[in-house]
Amino acid sequence: MKRVVTLAVLGAAVLLPHSVRAQGISPTAASIRVPNAPERMRVLWIAAHPDDEDTQLISWLARGRRVETAYLSLSRGDGGQNLIGNELGEALGVIRTEELLAARRLDGAHQYFARAYDFGFSKTADETRKHWPQDSLLRDVITVMRAFRPHIVITTFSGTPRDGHGQHQISAIVARDAYNLAADTARFPVGEFGRPWTPLKFYRLARFSPQDRTIAINVGEYDPNLGLSYQEIAADSRSQHKSQGEGTLRRKGVVWDYLTREDSRVPAPPAKEEKSIFAGFDTTRLLVQDGRVAPPEIPPSLALEAVADRQALAVGDTAKITMTLYNRGRVPVRIESGEIHFPAALLPDSSYQWTQPFVGKEITQPWWLAQPRNGDLFSPRINGVSEDEKERQRWAHVTVTTAQGAVSDVAAPIVFHYVDRVRGDVQRPLIVAPGISITLDDATTMARANGAFNRLLKATLRSAFQDTVTTTVTLTLPRGITADSVTRTVVMAPRSTRTLIFRLRGSLPRGTYELGASADAQGKEYRSGYIPIEYSHINPQRIYRSSRLSINAADVALPARLNVAYVPGVGDNVAPVLQQLGVPLTILDADDIPRTDLSRFTAIVVGPRAYQASQTLQDNNDYLLAYVRNGGRLVVQYGQGEMQRPGIMPYPITLKQPAERVTEENAPVTFIDPRSPLLNAPNKITQSDFDGWVQERASYMPSTFDPRYRTVLAMNDPGEQANRAAILAAPYGRGTYIYVPLALFRQLPAGVSGGARIFANLLGGNTIR
């Protein structure tokens, strides 16, 4: 018997700023709603950061038991480090957001975020509360809890000091408060937070304390329909957190994961006697299915494609979208529509194509960055819609209703589609952009006060117009700086990119100055541009910023006759700042160390976490140590546990687990050895050089170190013992080895004068004896 369906096109196609990548997930998605179907069990996982979730249990829940599962991360991980690129801060938060969405596409869960901006590592819940108002986060979690309506809540952390990270503690504290208060309509009115909800069970992950577990779950179950175990799916999901170096092995066989039950509002057995986290629930009413059993096929089998005639669309312009609906099922489909004249029947293995317009109404950008932050909270309010559903809402949608009453929402992203002869099929998201974008290479730069300012300024113009436009670029310069031209006019071809180079000269007294750039086209002035963020494992994004450059002219003296080599590290933006200060610099790749004449350099600098990221650097480290023994100066920025391995540093150090650090950026600093050359030449370092620091003082500080290391600074967070290992310097052969856990890698890109002055001293030629 033929099935008859009614198909309705929901208005015009909508914008999709993301493309779906080939990770075993089809770029066309369909959700099925069946009348009178049992309610699905829902589980909400809550923690602080991207990569805090347990993908093993999430995969087991979502794929293995077909439970509707979601992860709520209070932050987007903006304060972390970046193993794959130089993006930090909000840009890193964009990467980690997309990594979580990539993970969810594999493990099958939804993804939520609260408004917290990750300000960096904190040691206590009280420190975190200074940045994250706890009541504000509670309101966010209540909003999500009432929208998602979970039956079970799980946290990664305990809410106690044993969590280690203050943000971890707060995530568990707020989660438990929300579990207790989600039904309180007096404190959280329905009009603002939605209908009340009472979650029924509360669990905590016991992986870190298996002795406390009340239930063990075999997440290594094999799913013959997927051809993988849930741990293997989880490993692939976890491995999407590439910026954090979270690549994970697939493991076959039994793999146990553990939970501790902390509360139950259903008549379940005592916690220690529980055999299932679903104990106490009526699973005939709340649907829990064995994902290893293949479900019956749900007709109709339809697919949708939405292909734009261009990749970028100017605000206000109209793109043409070619829509194609495919019948990939086994029976004909009869289609009815008032606006689009579909054929009488769409036969199996056939398709129908039509076009429709799309008008670009607002620029495509991460929605939470559309307004400036309010302290360490993002400004736009959350609305209880998951991040993955926000993405899907911007797709093109077609609704199909079967004769049996099942409703299928068939959706697809709007993409610009082309073939690359190397990569093959390439799908890029249709994005809406300003008619003209103007982007300066940097937002912040440094210069030496009263020194010669001779610099190239690069402005990148991108046109989203369909027509050729004449564009005039104008610079606004601070007093003391001139340009070879302050106004230039160029002709921008349709959808083209042009780079303009301006030569800046002059001199600036000590202080902070602002340079601006604007572009005029078709009677409109543009003062912003975007930074593309593109990695193969995530969907591309764009971050917009104003076309302004802040110049910090600092009193920085450089040692004489410098010639510095720089081995880049992780999330490392130090080298460009050294060059801005006039340091003669050669970027040295770890592979090139054996065939490079190192003796010609007055100093070699190794970037942060470089040894962790590069086995080649570890293998070639003997060349660097030999360079020091022969009279060279090696400056190594902080690393992690790898720095304890024999042969990495000339003399041993040890790091606690977790390693010591000073997270208060205003923590007092004690000068242990005020006469040290590192504090005196060529810059006299004083307490004022530690003013205005950002995020932290020092990271991964050794807890013990060989007595041959000299120390110059001591610092500590409130209530802790002082750590003397912010800078360690030792004579080694005829040269000097310097190890620097001091967080200079954050201060220089932020334009902090004191950080630049200290770094200049580290490069100096005075041998430590």
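Quick notes on this one:
- Considering GLN134, GLN211, GLN169, the condition of being on the phi < 0 side of the Ramachandran plot and open to solvent by 50 Å² or more (accessible area, probe 1.4 Å) is satisfied by GLN211 alone.
- Unique residue being touching a Lys or Arg at 6+ places or on another chain (Cβ under 8 Å), hydrophobic (A, V, I, L, M, F, W, C) and farther than 19 Å from ILE431 by Cβ when the list is VAL486, VAL491, VAL473: VAL473
- Test: THR401 is modelled with pLDDT under 80 and surrounded by fewer than 19 Cβ atoms within 10 Å (Cβ to Cβ): yes
- Total residues in region 512-529 satisfying the condition of being open to solvent by 20 Å² or more (accessible area, probe 1.4 Å) and touching a residue at least 40 places away in the same chain (Cβ under 8 Å): the figure is 8.
- Hey, ALA714 in a loop (DSSP other than H, G, I, E, B), within 35 Å of the chain's Cα centre (by Cα), among the small types (Gly, Ala, Ser) and farther than 18 Å from THR736 by Cβ or not: no
- Listed by position, the helices (runs of 4 or more DSSP H) enclosed by region 516-619 that each have at least 2 residues that are within 30 Å of LYS684 (Cβ to Cβ) and in contact with a Phe, Trp or Tyr (Cβ under 6 Å, 6 or more places away or on another chain) are 574-580.
- Residues within region 453-490 that are surrounded by 15 or more Cβ atoms within 10 Å (Cβ to Cβ), free of Cβ contacts under 8 Å to residues at least 60 places away in the same chain and of a type in the set (D, E, K, R), tallied: 1
- Across region 533-549, not a single residue is classified as more than 30 Å from the chain's Cα centre (by Cα), of a type outside the set (D, E, K, R), surrounded by 20 or more Cβ atoms within 10 Å (Cβ to Cβ) and modelled with pLDDT of 95 or more.
- Considering (1) assigned to a strand (DSSP E or B); (2) modelled with pLDDT of 95 or more, the lone condition that PRO509 does not fulfil carries the number (1).
- Some residue of region 259-282 being within 23 Å of ASP52 (Cβ to Cβ), of a type outside the set (S, T, N, Q) and free of Cβ contacts under 8 Å to residues at least 40 places away in the same chain: no
- Region 337-354, residues that are open to solvent by 40 Å² or more (accessible area, probe 1.4 Å) and either modelled with pLDDT under 70 or aliphatic (A, V, I, L, M) (or both): SER337, GLY338, GLU339, ALA344, ALA345, LEU347
- Filter result for ALA306 (free of Cβ contacts under 8 Å to residues at least 60 places away in the same chain and either assigned to a loop (DSSP other than H, G, I, E, B) or within 34 Å of the chain's Cα centre (by Cα) (or both)): no
- Criterion violated by ARG292 - all others in (1) modelled with pLDDT under 90; (2) out of contact with any helix residue (DSSP H, G or I) (no Cβ under 9 Å at 6 or more places or on another chain); (3) surrounded by 12 or more Cβ atoms within 10 Å (Cβ to Cβ); (4) under 30 Å from ALA206 (Cβ atoms) satisfied: (2)
Per-residue answers, yes or no, for (1) open to solvent by 10 Å² or more (accessible area, probe 1.4 Å); (2) out of contact with any strand residue (DSSP E or B) (no Cβ under 8 Å at 6 or more places or on another chain); (3) under 28 Å from GLN640 (Cα atoms):
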{"residue": "ILE46", "(1), (2), (3)": "no, no, yes"}
{"residue": "ALA62", "(1), (2), (3)": "yes, no, no"}
{"residue": "ARG66", "(1), (2), (3)": "yes, no, no"}
{"residue": "ALA70", "(1), (2), (3)": "no, no, no"}
{"residue": "SER73", "(1), (2), (3)": "no, no, yes"}
{"residue": "ARG104", "(1), (2), (3)": "no, no, no"}
{"residue": "HIS110", "(1), (2), (3)": "yes, no, no"}
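- First in region 683-695 and more than 10 Å from SER753 (Cβ to Cβ) and of a type in the set (Ser, Thr, Tyr), second anywhere and open to solvent by less than 40 Å² (accessible area, probe 1.4 Å) and not in a loop (DSSP other than H, G, I, E, B), Cβ under 9 Å, 6 or more apart: THR686/LEU679; THR686/GLY754
- Any hit, region 631-644, residues being farther than 26 Å from PRO749 by Cα, among the polar types (S, T, N, Q) and in contact with a Phe, Trp or Tyr (Cβ under 8 Å, 6 or more places away or on another chain): no
- Scanning region 87-123 for residues that are farther than 23 Å from PRO380 by Cα and either modelled with pLDDT under 95 or of a type in the set (Asp, Glu) (or both) turns up ASP107, PHE121, SER122, LYS123.
- Exactly one residue out of PRO658, PRO652, PRO674 is open to solvent by 60 Å² or more (accessible area, probe 1.4 Å) and either hydroxyl-bearing (Ser, Thr, Tyr) or under 14 Å from ALA714 (Cα atoms) (or both): that is PRO674.
- Meets criteria (modelled with pLDDT of 95 or more and of a type in the set (S, T, N, Q)) for THR69: yes
- Considering only residues in region 189-208 that are part of a loop (DSSP other than H, G, I, E, B) and among the hydrophobic types (A, V, I, L, M, F, W, C), the one that is most open to solvent (accessible area, probe 1.4 Å) turns out to be PHE208.
- Residue satisfying all of: in region 236-247; in contact (Cβ under 8 Å) with a residue 24 or more places away in the chain and closer than 13 Å to SER59 by Cβ; least open to solvent (accessible area, probe 1.4 Å) among these: SER237
- A single entry from ASP135, ASP140 fulfils the requirement of being outside any strand (DSSP E or B), at pLDDT 95 or above and touching a Lys or Arg at 6+ places or on another chain (Cβ under 6 Å): ASP140.
- Filter pass, ALA483 being in contact with a Leu (Cβ under 9 Å, 6 or more places away or on another chain) and not β-branched (Val, Ile, Thr): yes
The values are calculated or read from the model by the stated rules, or taken from the named source; none is laboratory data. Treat the numbers as computed from the prediction; the structure is a model and nothing was measured. Every residue, glycine as well, gets a Cβ built from its backbone with ideal geometry; the counts of neighbours run over all protein chains shown. Heads up: the accessible areas ignore ligands, DNA and RNA and are worked out on the full protein's heavy atoms, side chains in. Shrake-Rupley method; radii C 1.70, N 1.55, O 1.52, S 1.80 Å.
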